[in-house]
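Structure first, then comments.
The values are calculated or read from the model by the stated rules, or taken from the named source; none is laboratory data. Everything quoted here is computed from the prediction, not taken from an experiment. We place every Cβ from the backbone using ideal geometry, glycine too, and count neighbours over all the protein chains shown. SASA here: full protein model, heavy atoms, side chains in, ligands and nucleic acids out. Shrake-Rupley method; radii C 1.70, N 1.55, O 1.52, S 1.80 Å.
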Amino acid sequence: MSTDKTLEATSSVLGLLPKIAGLVGGLTAIGLLMGWREVSSYYSNLGAPWVISMMSPGRFIAKSAGLLCAFGFSIFISIVFLAQRQITYKGLIYGSVVFLGLSAALFFLGTYPFDWFEPKTQHLFLNLGAGCIAISAGLTIGEVIARLAKKGLKWEGHELMLIYFFVISFGIYQAPNALGQSQALLDIETKFSSAPIIELKTPSPDKIWRLVTHIDSDFLAISFPSQDKSHTFKIFGSNEIAEIQSASIK
């Protein structure tokens, strides 16, 4: 292997690194938005929207890991297939529509008004539906890339419409919103809630506290009333808690 070829390959790799960093930075920003939307939906439906302002951006990104992986992987597969000429933008359109239709069916099953399924099964349907939306949004990005490559990187209204309606409206907004809402509705049902029970050093016999999340060194807990009243929240310091039971597996 000649020195010139080695230097040329090295230059090619080093020139690619800033582009990869830009892609990672873009996905991180999208993950931040998706995570914020999911957390916002969860705590708003749980009845504690004020918790959102107490959480760090890192928590949002961690929360969006599942959807972000589905979104990013579908973009990666689209680019690979386009580069190898194994698919066209029409094929990506077909794939995007199929996954969008599948997500609509799953959301219908997850939100059907009659008692066909248990809440945990409906929650599973909504999770799968949100994943399908994320994949559909990723394939839409692949479609936009294919269109731009075909048109010599010339943006037109159609590409912007795809980005707005499919990627932003469905992938970044609707999918995380559905995940957060379904998880909150499941956690409110004490029969199905897997939130661990907190044992306090000073017991409160009239209430059973369940752990929702930690906020720095404190713990946010929720208590469900025995009668038809609204649930209550309380923040406990670590020095107030005797033990936290393991999350129940049902």
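Could you state the accessible area per residue of the range 197-246 in Å², with a 1.4 Å probe and every protein chain left in place? Could the numbers behind the result be given before it?
Values: 3300 Å² over 50 residues.
Spelled out: the 1.4 Å probe surface of the range 197-246, per residue, equals 66 Å².
In nm, to one decimal, how far is the modelled label at Leu148 from the one at Glu240, with both set 7 Å along Cα→Cβ?
Inter-label distance under the simple model: 5.1 nm.
Each residue of the range 132-139 in turn: what ³J(HN,Hα) in whole Hz from Karplus with 6.51, -1.76, 1.60 and θ = phi - 60°, glycine and Pro shown as x?
Using θ = phi - 60°, the values come out as 5, 5, 4, 5, 4, 5, x, 5 Hz.
Using a 1.4 Å probe and ignoring any ligands, DNA or RNA, find the accessible area of Phe107 and quote it in Å² to the nearest 10.
40 Å²
Please list 3J(HN,Hα) in residue order for the range 62-71, calculated via the Karplus relation 6.51 cos²θ - 1.76 cosθ + 1.60 where θ = phi - 60°; whole Hz, with x for glycine and proline.
4, 5, 8, 4, x, 5, 5, 5, 5, 5
Stretch Phe117-His231 to full length: gain in nm at 0.36 nm per residue minus the Cα-Cα span?
Numbers: separation 114, 0.36 × 114 = 41.04 nm, distance 2.49 nm.
Taking Phe117 through His231 to full extension adds about 38.5 nm, to one decimal.
Taking the mean number of other Cβ atoms within 10 Å as a proxy for protection, how do you rank 73-82, 134-143 from highest to lowest?
Values: 73-82: 17.4, 134-143: 26.7.
The peptides rank, most packed first, as 134-143, 73-82.
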